[in-house]
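S.K.: I have a structure here, written as C-alpha cells, and I will follow up with some questions on it.
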Amino acid sequence: MSTTKTDNATKDLQAVSEKIAEWPEPFATIGARLHETILTAGPKLKPRLWYGMPGYAVGRSTPVLVFFRVDDGVMSFGLSEKATVEREAGSTLRPSAWFLEEIDDATLRKIADLVRTAFSGSATSD
C-alpha cells in the first residue's frame with residue numbers, strides 16, 4: 001500500500017511541529033509564531049524538515065524557499081537560493097538571512113511579506 005500525499009503532508013507537518021516544540025524558550029515560541037505566519041502568508045506551502053530544521057516549499061518534491069533554524073543558541077530566518085528575492089535598494093546585494101532574539105508584530109509582518117515575495121516566482125505544487 002502506497003503512502004498518500006495527505007499522509008506525507010501530515011507526517012511532514014508533525015515532524016516540523018515536533019522540531020519546533022523541542023527547542024528551548026524563547027525559540028519554541030518564536031518558532032511557533034514563525035510557522036503560523038509562514039503558513040498564513042502562503043497557505044499552499046508545504047512544511048517539511050530541511051537539513052533537520054523547518055523549511056517551506058510549494059510541494060514536497062520542490063525546493064525549500066524559506067526556512068528557520070536554531071544553531072548554537074541563535075535563531076535565524078532565511079531564504080534559500082531558490083527564493084524570489086528583491087535586491088536591496090541601491091545595491092546588488094540580495095538579502096538571505098536574519099537573526100532573531102525575539103519576535104513582534106512588525107517583524108512578523110515583514111516575514112509575511114518576505115514569504116509572499118519568496119514564493120511569487122515559484123512553480124505550482126505537486
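S.K.: Given a 1.4 Å probe and the protein chains all in place, what does the accessible area of residue 60 round to, in Å² to the nearest 10?
M.R.: Approximately 120 Å² of residue 60 is accessible to the 1.4 Å probe.
S.K.: Still on this model: Order 12, 72, most accessible first, counting only protein heavy atoms with a 1.4 angstrom probe.
M.R.: Heavy-atom accessible area, descending, gives 72, 12.
S.K.: Still on this model: Please tell me the relative contact order of the chain in percent, rounded to the nearest whole number, where contacts are Cα pairs under 8 Å and at least six residues apart.
M.R.: Rounded, it is 24 percent for the chain.
S.K.: Over all directions, how big on average is the projection of the convex hull of the alpha-carbon atoms in region 19-79, in square nanometres?
M.R.: Its average projected convex-hull area is 3.8 nm².
S.K.: So, one more: Sum up the charges of everything whose Cβ sits under 13 Å from the Cβ of residue 73, counting Lys and Arg as +1 and Asp and Glu as -1, but leave residue 73 out.
M.R.: -3
S.K.: Assigning unit charges at the beta carbon (Lys, Arg +1; Asp, Glu -1) and nothing else, what dipole magnitude in debye, to the nearest 20, does the chain show about its Cα centre?
M.R.: Charge dipole, the chain, about its Cα centre: 620 debye, nearest 20.
S.K.: Follow-up question, since we're still on this one. Using a cut-off of 13 Å between beta-carbons, work out the net charge of the residues near residue 13 (Lys and Arg +1, Asp and Glu -1, residue 13 not included).
M.R.: That works out to +2.
S.K.: Can you give the net charge of the other residues whose Cβ lies under 13 Å from the Cβ of residue 26, counting K and R as +1 and D and E as -1?
M.R.: My count for the surroundings of residue 26 gives -3.
S.K.: For the chain, what is the largest minus smallest coordinate of the Cα atoms on each principal axis, given in angstrom and ordered from greatest to least?
M.R.: That gives 55, 35, 24 Å along the principal axes, largest extent first.
S.K.: Suppose the chain between residue 104 and residue 51 were pulled fully straight at 0.36 nm per residue; how much longer would it get relative to their current alpha carbon spacing?
M.R.: Gain in length upon complete extension: 16.4 nm.
The values are calculated or read from the model by the stated rules, or taken from the named source; none is laboratory data. Just so it is clear, the model here is predicted, and its values are computed rather than measured. Glycine also receives a Cβ, built like all others from the backbone with ideal geometry; neighbour counts cover every protein chain displayed. The area values use the complete protein model at the heavy-atom level, side chains included, leaving out ligands, DNA and RNA. Shrake-Rupley method; radii C 1.70, N 1.55, O 1.52, S 1.80 Å.
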